[in-house]
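The values are calculated or read from the model by the stated rules, or taken from the named source; none is laboratory data. Treat the numbers as computed from the prediction; the structure is a model and nothing was measured. Glycine also receives a Cβ, built like all others from the backbone with ideal geometry; neighbour counts cover every protein chain displayed. For accessibility, only protein heavy atoms count, side chains too; no ligands or nucleic acids. Shrake-Rupley method; radii C 1.70, N 1.55, O 1.52, S 1.80 Å.
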Amino acid sequence: MSGAVPDRPARLARRAVAAVFAVHGTVSGGFATRIPWLREHLGLSPGWLGLALVFMTVGASAAMPLAAGLAHRLGPRRSLRLLTVVCCAALPLPALAPRLGWLCLALLVYGAGLGLLDVAMNDHGVRVEHAYGRSVMSGLHGMWSAGALLGGAGGAVAAQGGLPAPAHLSLVAPALAVAGVVACRWVPGGAAAPGGEGATGTTGPEGATGTSGASAAEGGEGAAPAPPRFAPPTRGALAVGLVGFCAVFAEGASMDWSGIYLRDVTGAGPGLAAAAYTAFACTMAIARFTGDAAVRRFGAVRTVRASGGVAALGGALVVAAESPPLAVAGFALVGVGIAVVVPLCFAAAGRTAPEAPARAIAGVATLAYASGLAAPAAVGWIAETTSLTFSFGLVTALLFGLVAGAGVLRPAPRAVRPEPGATPGESGPPTQRTAASRDVATAGGPGTHREVAPGRDPVAPPPPGRGTERAPGQPGRAGPAGRTPPPPTGQTPTPETPAPDDGTG
C-alpha cells in the first residue's frame, strides 16, 4: 500500500468509524461486567448461564450474513447509523429479563445487534483502509479494545457501587447511541470509499470503483442488483476465516479461562488471578494501536507469522508455568500475538470480494464468532477429561496455525488501469509499459498488427527490405518497396495501385 497523504474526508471518515468501533467495544465490555449480576438475579447455575450465553453467539452468527443486503438497501451510512442504534438499544434487554426463557430471547436479540454492527463497521473500516492506501484496520480494532476496557471499568465501578444492571445499562445505552449516531455524520454516504472515485462503488486500492452489480461497475448506469438476503461466505473468505478462527479460539480460551488457570494450576489468589485477564486485554489493545506501523513496514503476511510465533511462545509459557508471574507473562504474550490477526483477516476478506466486501467480512466474522463460542466449551470439556494444562497445550498448537496459514492474507497484485485511448493490454505512459504489454505493435491502424520477434524492440522500424502487412484498402509505410506512408489524420488518401505483397510480416 502506498504512503500517500489521505484527503480530509478520508481522515474524518477514519475518526468516525473509529468512534463506532469504540461504541461497539464499550457495549461489549459493559455487558460482560454485569454477567455475574444476571446469574445472581435469576439464580442460574453455571450450566444454565452457559446455555443462555450460547444464544448471544447464535444470534450474532445468524444475523451477520444479512448485513450485506441491509447495506445495499439502505446505503452504507444509513445502515451503520441504524445498526448502531439497534445494538445500543438491545444492551439493557438481558438485564430486564425476568426468567431464563426471556433471558435467552433477549440475548438472541442482543447478539444479533452486536453481529450486524460488527459487520457494518468492519465493512466501513475496509473502505477507509482503501482510501488511505495503507493499513488502518489494526488501529480501528485498537479503538474497540479501548472501548471494551472503558466499558468494563464503568461496569466494575457500577457493580462496586451497588447500581443494578438494568439501571446501569439503561443509562449507558442512550449515551452510546447518541455518540455513534453523531459519529456517523462523517461516514461517507455513498458506497464508494472515502476519497475514491465513483459514486456507487467500493473503491479498491487503486481507486477503481467496484460495485455489487455489473451495471454499476461498467459505467455506473442503472441500479446494482441486490445481494442475496442471506449471503453465505465466499471461498476466499473461508480460507481467511480459518486463520481468524485460530486467533479467536485462543482469545476466547484466554479471556474465559486465564483467571481459573492461575488459580487452579499456579495457586494464585483472586487478585493475581484477575491480573491475567488484565494483562491479556491491555497488551492486546497496545499491540493493536501499534500494529498498523508493523504491517506497513513488514507486510501482512510477515506480521501475522511473527505474531503467531509470539502467541505460540506465550502459550508455551502458560503451559510450562508453575508460578503466577510466568503464567501472567504468557497470557500477555498471547494477547500481543493475536492482536492484529483478526483486523488483518477482515481487511483481507474485503479484498477477496471487492464488489461485495460486506459479504466476505460477514463470512469471516461468522467463523470468528463460532470459534469464540467453541473455545470456552472445548477447553472445559478437554480439561474435564485430561487437565487444564493439556487444554492450553492444544490451544498453543492451534496458534501455530497462524504461522502456517498467514499466506492467505497476502494482498492481491495491483491491477493497472489503462490510460484513455491506450491499446488494450497497455496502460500508463509509454515509458512505464513493459515489453510484455507490447508483444503486438500496431503498424497502421486497426487490423494491421505485426508480430514482434523475441529480442527485438517492438517500436523499432522494420529492417531494410521488409514492409508490413496491410489491411485491405489501407496504404502502406514508406520503405524500399516503394510504399507510401499513410496520409495525415483528417485527409483523404490519394488512390493508388497497391504494390504486390512480398509475403513478409
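Observations on the model:
Residue by residue, here is whether (1) farther than 23 Å from Gly405 by Cα; (2) of a type in the set (Gly, Ala, Ser) holds:
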position: Ala281; (1), (2): yes, yes
position: Ala285; (1), (2): yes, yes
position: Phe289; (1), (2): yes, no
position: Ala294; (1), (2): no, yes
position: Arg297; (1), (2): no, no
position: Ala300; (1), (2): no, yes
position: Arg305; (1), (2): no, no
position: Gly309; (1), (2): no, yes
position: Val328; (1), (2): yes, no
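- Just one of the listed residues (Gly210, Gly222) is buried (at least 18 other Cβ atoms within 10 Å of the Cβ) and modelled with pLDDT under 55, and it is Gly210.
- Just one of the listed residues (Ala327, Ala306) is among the aliphatic types (A, V, I, L, M) and in contact with a helix residue (DSSP H, G or I) (Cβ under 6 Å, 6 or more places away or on another chain), and it is Ala327.
- Any hit, the stretch 110-119, residues being among the hydroxyl-bearing types (Ser, Thr, Tyr) and surrounded by fewer than 18 Cβ atoms within 10 Å (Cβ to Cβ): no
- Selection count, the stretch 3-22, where residues are open to solvent by less than 10 Å² (accessible area, probe 1.4 Å) and within 14 Å of Val182 (Cα to Cα): 5
- Qualifying residues in the stretch 275-289 (those that are open to solvent by 60 Å² or more (accessible area, probe 1.4 Å) and more than 17 Å from the chain's Cα centre (by Cα)) - the one modelled with the highest pLDDT: Ile286
- Residues satisfying the stated conditions in the stretch 40-94, i.e. hydroxyl-bearing (Ser, Thr, Tyr), open to solvent by less than 10 Å² (accessible area, probe 1.4 Å) and under 17 Å from Ile361 (Cα atoms): Ser79
- The single residue among Asp264, Asp256 that is of a type in the set (D, E, K, R), under 18 Å from Ile382 (Cβ atoms) and more than 31 Å from the chain's Cα centre (by Cα) turns out to be Asp264.
- Residues within the stretch 311-355 that are within 30 Å of Arg127 (Cα to Cα) and either surrounded by fewer than 20 Cβ atoms within 10 Å (Cβ to Cβ) or among the charged types (D, E, K, R) (or both), tallied: 2
- Per the listing Leu107, Leu70, Leu51, Leu66, the residue uniquely assigned to a helix (DSSP H, G or I), at negative phi, modelled with pLDDT of 90 or more and among the hydrophobic types (A, V, I, L, M, F, W, C) is Leu107.
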